[in-house]
Structures are given as structure tokens and as C-alpha cells.
Amino acid sequence: MTRSKLAHGAFLLLIVALYVFLIAPIVIVVLASLNSGRFLVFPPEGFSLQWYVKFVNSRAFMRSFMFSLKLAALTTVIASVIGTAAALYVVRRARQSTTLRLLLVAPLQLPGIMTALALLIFYYAVGLGGTTYLGLLLGHVLVCMPYAFLTVSAVLYNFDRSLEEAARSLGAGAWRTFARITLPLIKGGVLSGAVFAFITSFDQFPISLLLGGVGTTPLPVQVFDYLRFSFDPTAAAVGTLNIVITLIVVIVTERLVGLESLYWGGQR
Amino acid sequence: MAGIQLRGLTKRFGSVVAVDDLSLDVADGELIALLGPSGCGKTTTLRTIAGFETPDAGEIYFGERRVSDLLPEQRRIGMVFQNYALFPHMTVAENVAFGLEMRKTPAAALRERVAAVLAKVQLTGLEKRYPRQLSGGQQQRAALARALVVSPDVLLLDEPLANLDAKLREEMRFYVRSLQQEVGITTVYVTHDQAEAMVIADRIAVMFAGRIHQLGAPADIYHRPATATVAEFIGLTNFIEGKVIGQHGALLNVDTSLGVLTCQGSLPSPDARPMLLVAVRPEALRLSAPSGSPPAENRLDGAVKARAFLGNIVDYRIAVSPSVVLRVQGAPHDSFAVGDRVAVTFEPAAAWSVPSREDTA
């Protein structure tokens with residue numbers, strides 16, 4: 001009795017410790033951003049929103065912020081379309097092809113900085129140059145696409161294809177069948193993949209560091225540059241904003257489709 | 001409305017021939033059941049008619065219209081799937097309306113036709129439900145409504161009752177049959193359940209290994225099976241092997257290890273082996289107490305080896321020789337105990353001859 005109680009207590013303690021370990025940094029960043037002191041320290045020295053004001057008033061930060069949002073949005077759209085198309089092909093036409101599947105998720109397994117370096121060398125080799133917007137966008141799409149591919153694949157594996165055949169038998173052509181039957185039923189997977197893609201792009205550092213240039217500096221790189229010269233809580237304010245945006249994206253998606261639809265794929 | 005003609009249909013999957021040079025004519029308004037064990041090619045045949053599989057050879061006509069090269073959505077078919085394939089993200093009404101929408105039916109006519117077909121399948125009042133909120137039988141009827149509302153040229157049913165429980169399945173057989181006759185639509189019905197095929201079909205095509213072994217009315221298939229395989233698949237059959245020694249009109253005399261038996265049948269062609277099988281259904285055999293009278297025609301003497309009471313019938317196993325055991329099914333009132341000596345008799349008209357297995361293999 002006491003033994004199992006002890007084990008239960010120890011397990012509970014472990015869970016609590018894990019959550020503290022996960023959440024504490026977030027709490028510290030949020031608290032530090034509200035610091036009225038002049039340096040990025042913990043515990044904060046008083047309450048103030050001045051660092052948010054400083055962020056909003058900083059042209060460089062705002063420009064990077066808007067740039068990152070747009071880049072993430074465009075990346076998400078492209079990565080979702082390619083990832084969904086790839087998932088459709090792999091699950092339905094090339095289920096046996098392990099090679100193709102591995103290649104598609106390879107960007108997840110490689111260190112980001114290696115991918116970035118390889119891309120940089122590749123861009124020079126094909127004459128695209130080092131730091132173009134197109135190059136940066138391609139890099140982001142490359143590392144975000146696997147998320148879309150994986151979540152859509154997960155939904156497609158359980159997809160009942162007789163639903164599509166039923167639509168065809170009722171007179172719907174291939175595209176209309178996709179738009180009216182397939183897409184609505186896999187949208188949970190598509191949107192979950194889009195959320196992962198958006199967050200991955202918005203928080204992307206190594207790709208942006210090597211492929212971003214003057215005027216095309218995403219927010220994480222801007223923060224990194226800023227911290228090299230000044231150590232005030234503006235960075236914490238940016239970090240908090242990042243967390244809030246991520247949370248909003250997740251909550252909106254949850255409300256729209258329900259993340260559980262990822263598991264049952266919109267089916268019975 | 002139109003009939004269906006299949007001409008030399010062949011479909012291979014790799015080295016497996018799923019449908020082997022199959023030809024079939026379904027008359028206008030007729031319901032043909034494709035009956036056979038799993039893997040016999042019946043579903044592949046149906047999917048080829050629907051356009052979901054492309055045949056390697058052969059042609060398909062709906063009436064005068066050649067459809068073999070058309071896409072499924074161009075063929076004007078109605079199809080019901082084994083799992084119903086109702087769209088889970090649409091209500092019953094939206095499911096049924098889908099085909100009409102694809103045909104650009106005006107809104108008023110669409111509503112009217114959806115309401116009419118739902119009334120016909122007794123789903124009025126459930127329009128707003130989602131498929132998962134319906135019982136199995138209701139889903140089945142919704143799937144039928146969705147297929148019929150577009151007034152297709154042909155109706156294709158792929159084991160539509162297989163997912164229902166036994167009692168409901170039996171009711172639905174009659175329901176599907178009366179609905180089909182009411183609409184008068186040419187129908188191909190795939191099933192592995194012989195009782196279902198018997199109840200529902202005008203004619204049954206019994207399929208094995210991609211070929212139709214026999215095509216005929218249910219009673220023909222049952223009473224005059226063309227091959228031993230068909231006889232075995234449809235109901236229970238006793239086989240006794242023998243050699244033809246004479247012919248009297250429509251009757252053959254067959255010399256078997258149990259003596260000379262008389263049965264219906266035609267002489268094997270001269271180049272075929274003279275061996276054949278006498279096939280007798282268990283219910284065509286009659287048991288009586290052995291009497292001293294001289295052996296009558298088609299009389300075998302034996303002993304009851306086993307007996308099973310099944311309620312409406314009693315199922316006996318009668319050993320008529322050391323190597324031959326016959327299945328006999330009789331009414332519960334003739335009661336013989338295990339070990340009793342009995343005489344087994346049957347009418348020549350109730351027995352049929354089929355080629356022995358080596359010839360049909």
C-alpha cells in the first residue's frame with residue numbers, strides 16, 4: 001500500500017517537475033518583458049509596458065515583425081499545398097516507397113543550420129545568389145512542408161476511398177470530388193499541418209540567419225542582432241508577442257476544426 | 001432505362017486474372033445477382049461496370065450506349081457500397097441532393113425530388129441527421145435513396161446488406177427487391193450469400209475464378225446445377241460418382257458403387273469421360289424403414305450414423321456403404337435413431353447429373 005502510494009507520489013512529482021521545466025522559461029520571459037528595470041534580468045524590478053512601446057516604436061523591429069508574418073503566411077500556403085499534394089501521392093500511389101517518404105521528411109531530421117548552409121551553396125551554384133527573398137522563401141517552405149505532409153498523410157491513411165467513388169458515381173468529376181468530398185474530410189489534417197508550418201516559419205532561426213539579408217530580416221534574426229548590442233527587455237517583449245501569436249493560431253485552429261479531427265480524419 | 005451488355009470483359013491484377021473473358025446480358029429492368037465466393041471476381045466485375053476499374057479487354061454497353069471508355073461520372077449509374085459510403089460531413093438531405101446538384105438541377109425541383117425519394121425509403125423527418133446518427137438500416141436506405149434520386153440508367157449494388165444484422169438483412173432483401181421492381185431499374189447485385197441471391201434476383205450468375213459457371217433463374221440454379229462446384233456452393237448436395245450405361249428419354253442410368261441409379265441429365269459428349277456425378281439434394285432423399293419388398297428404383301440401404309435436430313428439420317448422416325455417407329434432411333416427425341437400419345429412396349426427377357470434377361477443373 002505505502003509502496004504504491006510512494007510510487008504514485010514520485011510519479012506526480014515527476015509530472016509537476018516536467019511541467020515546471022517546460023513552462024518556467026515562458027513565465028520568466030513574460031515577467032521579464034514587463035520589467036521596469038533597464039536590463040533583461042529576473043526577478044523583474046517593477047511593472048511596466050515600456051518595452052512593448054519601445055518595440056512598437058522601433059522601425060527595425062516592426063519591419064521585421066511584419067516581414068516575418070507575411071513570410072510565414074506565404075510559406076504556410078505554399079507548404080500546405082505542396083505537402084498535401086505530396087501526401088496524396090505517397091499515400092495513394094506510392095505507399096511502398098519508403099525512399100520518397102524519407103526524402104519528404106528529411107528536412108526535419110537534418111540540423112537546420114546544415115540545411116541552410118547547403119541551400120546557400122546551392123543557390124550560388126545555380127546562380128540565384130545568396131540572400132534573395134525567393135531563396136529565403138524556398139528555404140522556409142523546405143523546412144515547413146514536412147509538417148503539412150505528415151499531418152495530411154496521417155489523415156489520408158484512414159480515408160475511405162469509396163466516399164470518392166460514391167461522388168464519382170453521382171456525377172462529380174475528379175476535381176469536384178476533391179473539392180466537395182476529399183478536402184472537407186481531410187481539412188483537419190491540412191489545417192493542423194498549416195499551423196505547424198506557420199509556427200515553424202515564424203520561429204525559424206537558422207534558415208533565416210543564413211539566407212535572410214538586408215531588408216529581408218525575419219524577427220528572430222532581428223532579435224538575435226539586437227541582443228548582441230543591447231541587453232534590455234525589448235527582446236523579452238518580442239518573445240512574449242511570439243508566444244501570444246502562437247497561442248492565438250493554435251486556439252483559432254482548435255475552434256475552427258478541433259485538433260482531435262486530426263485523429264479521426266473527419267470520419268465516423 | 002437500359003439493359004447492360006458485357007462483351008468479353010477481362011481484368012488482370014498483375015498475374016492474377018480477376019475477370020476472365022466474361023460476357024453477360026442483363027435485360028432492361030432485370031435484376032441479376034453476381035454470386036460467388038470471395039475472390040471470384042464478382043466485385044471487380046461490378047467495379048468495371050461502374051468505371052472504377054479499367055478492363056484489359058472487352059466492352060460494356062448500357063443499352064445502345066458504349067460506356068467502356070467513359071469515366072464513372074459520365075456513365076449515369078447509381079451505386080450502393082458495402083459500407084454505404086455516405087458522406088459523413090453532409091446531412092441525409094445533402095447526401096441525397098449531391099447527385100442532383102452535380103446535374104445542376106434547379107433548387108425547387110431538387111428539393112421536391114429529395115423529399116420524394118426520402119419518402120419512398122421512409123426517411124422523412126431524418127433529413128437533418130448526419131449519417132453517424134442513423135441506424136445501419138437507415139444508412140442503407142439513405143444510400144439507396146442517394147443512388148436512385150438521379151434516375152440512373154443502371155443500379156449497381158455491392159454487397160449492400162452485408163453489414164446489417166441477420167434479422168434486418170432478411171427484411172431488407174424483400175425491401176430492396178420491391179423497391180427495384182417499383183422503380184423498374186436494371187440492376188446488378190453482388191453478393192456471396194446464396195439465400196440473398198435467391199430471394200432478390202431474376203437470374204443468378206454463379207461466378208468462380210473470374211468466370212460465370214452458370215446463369216439462370218434461382219430455381220434452375222438450385223435444381224439443375226451445371227457443375228459440381230455450383231451444386232456445392234448453392235445449398236448442400238450429395239454426390240455419387242458413376243458411369244452412364246443407358247438413356248431413357250430425359251433419364252440416365254448410372255452405374256455407381258451403390259448400384260444402378262436413375263437421374264435426370266444428358267449424355268456426356270462422346271469425347272468426354274463417361275464418368276459423372278449424380279447430385280441429390282438432402283431434402284430430396286426420403287428415409288423409410290427397410291422392408292422385405294424387392295429393391296425399388298433408386299433405393300439404397302444404410303444405417304443412421306448421426307442425427308441432428310434443427311427445429312424445422314432433422315439432419316441425418318446415413319452410411320450407405322463403408323465409404324459413402326449421405327446427408328438426408330427430413331421433417332421432424334420421421335424419427336430414426338442412430339444405428340437404425342433405413343432405406344434411402346429418391347425420385348429420378350429429383351436427381352441431376354453433373355460432369356465429374358476432373359472434367360470441370
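The values are calculated or read from the model by the stated rules, or taken from the named source; none is laboratory data. All of these numbers come straight from a predicted model, not from anything done at the bench. Virtual Cβ from ideal backbone geometry, glycine too; neighbours counted across all protein chains shown. Heavy atoms of the whole protein, side chains included, go into the accessibility calculation; ligands, DNA and RNA do not. Shrake-Rupley method; radii C 1.70, N 1.55, O 1.52, S 1.80 Å.
If you go through the stretch A:127-157 and keep only what is free of Cβ contacts under 8 Å to residues at least 12 places away in the same chain and either small (G, A, S) or in contact with a His (Cβ under 8 Å, 6 or more places away or on another chain) (or both), you end up with A:G127, A:G129. Within the stretch A:140-161, can one find any residue that is open to solvent by 10 Å² or more (accessible area, probe 1.4 Å), part of a helix (DSSP H, G or I) and within 7 Å of another protein chain (Cβ to nearest Cβ)? No - not one qualifying residue is present in the stretch A:140-161. Here A:G129 meets the list (1) open to solvent by 60 Å² or more (accessible area, probe 1.4 Å); (2) part of a loop (DSSP other than H, G, I, E, B) almost entirely, failing just condition (1). When A:Y124 is tested against (1) in contact (Cβ under 8 Å) with a residue 60 or more places away in the chain; (2) away from every other protein chain (no Cβ under 14 Å); (3) not aliphatic (A, V, I, L, M), only condition (1) is not met. Screening B:F336 with (1) part of a strand (DSSP E or B); (2) in contact (Cβ under 8 Å) with a residue 40 or more places away in the chain gives one miss only, at (1).
Considering only the stretch A:101-114, state which residues are in contact with a helix residue (DSSP H, G or I) (Cβ under 7 Å, 6 or more places away or on another chain) and over 16 Å from A:Y157 (Cα atoms). If the condition is that a residue be in contact with a helix residue (DSSP H, G or I) (Cβ under 7 Å, 6 or more places away or on another chain) and over 16 Å from A:Y157 (Cα atoms), then A:L104, A:V105, A:P107, A:L108, A:G112, A:I113 are the ones that fit.
Pairing each residue of the stretch A:37-56 that is of a type in the set (S, T, N, Q) with any residue that is modelled with pLDDT of 75 or more, provided the two are 6+ apart or on different chains, yields C-beta distances under 6 Å for A:S48/A:S36. Of all residues in the stretch B:131-143, those that are surrounded by fewer than 23 Cβ atoms within 10 Å (Cβ to Cβ), polar (S, T, N, Q), in a helix (DSSP H, G or I) and more than 11 Å from chain A (Cβ to nearest Cβ) total 1.
Only residues that are among the β-branched types (V, I, T) and exposed (fewer than 14 other Cβ atoms within 10 Å of the Cβ) were counted across the stretch B:1-57, and they come to 2.
When residues in the stretch A:104-121 are screened for being surrounded by fewer than 12 Cβ atoms within 10 Å (Cβ to Cβ) and either without any contact (Cβ under 8 Å) to a residue 60 or more places away in the chain or basic (K, R) (or both), 3 of them pass.
Of all residues in the stretch B:55-81, those satisfying the criterion of being more than 8 Å from chain A (Cβ to nearest Cβ) and within 25 Å of the chain's Cα centre (by Cα) are B:P55, B:G58, B:E59, B:I60, B:Y61, B:F62, B:G63, B:V80.
Here's the yes/no breakdown for (1) more than 24 Å from A:L170 (Cα to Cα); (2) part of a helix (DSSP H, G or I):
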site: B:A145; (1), (2): no, yes
site: B:V150; (1), (2): no, no
site: B:L156; (1), (2): no, no
site: B:L161; (1), (2): no, no
site: B:M172; (1), (2): no, yes
site: B:S178; (1), (2): no, yes
site: B:Y189; (1), (2): no, no
site: B:H213; (1), (2): yes, no
site: B:E232; (1), (2): yes, yes
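The set of residues in the stretch A:162-175 that are surrounded by fewer than 23 Cβ atoms within 10 Å (Cβ to Cβ), within 7 Å of chain B (Cβ to nearest Cβ) and not in a loop (DSSP other than H, G, I, E, B) comprises A:S162, A:L163, A:E165.
Considering only the stretch B:38-60, I want to know if a residue exists there that is without any contact (Cβ under 8 Å) to a residue 60 or more places away in the chain, farther than 22 Å from B:M198 by Cα, assigned to a loop (DSSP other than H, G, I, E, B) and among the hydroxyl-bearing types (S, T, Y). Within the stretch B:38-60 (the criterion being without any contact (Cβ under 8 Å) to a residue 60 or more places away in the chain, farther than 22 Å from B:M198 by Cα, assigned to a loop (DSSP other than H, G, I, E, B) and among the hydroxyl-bearing types (S, T, Y)), the answer is yes, since at least one residue qualifies.
What do you reckon, is B:V325 modelled with pLDDT of 85 or more, under 30 Å from the mean Cα position of the chain (by Cα) and open to solvent by 40 Å² or more (accessible area, probe 1.4 Å)? In short, yes. Among the residues of the stretch B:96-116, are any more than 14 Å from chain A (Cβ to nearest Cβ), crowded, with 17+ Cβ neighbours inside 10 Å and either in contact (Cβ under 8 Å) with a residue 12 or more places away in the chain or not hydrophobic (A, V, I, L, M, F, W, C) (or both)? No, there is no match, as no residue in the stretch B:96-116 is more than 14 Å from chain A (Cβ to nearest Cβ), crowded, with 17+ Cβ neighbours inside 10 Å and either in contact (Cβ under 8 Å) with a residue 12 or more places away in the chain or not hydrophobic (A, V, I, L, M, F, W, C) (or both).
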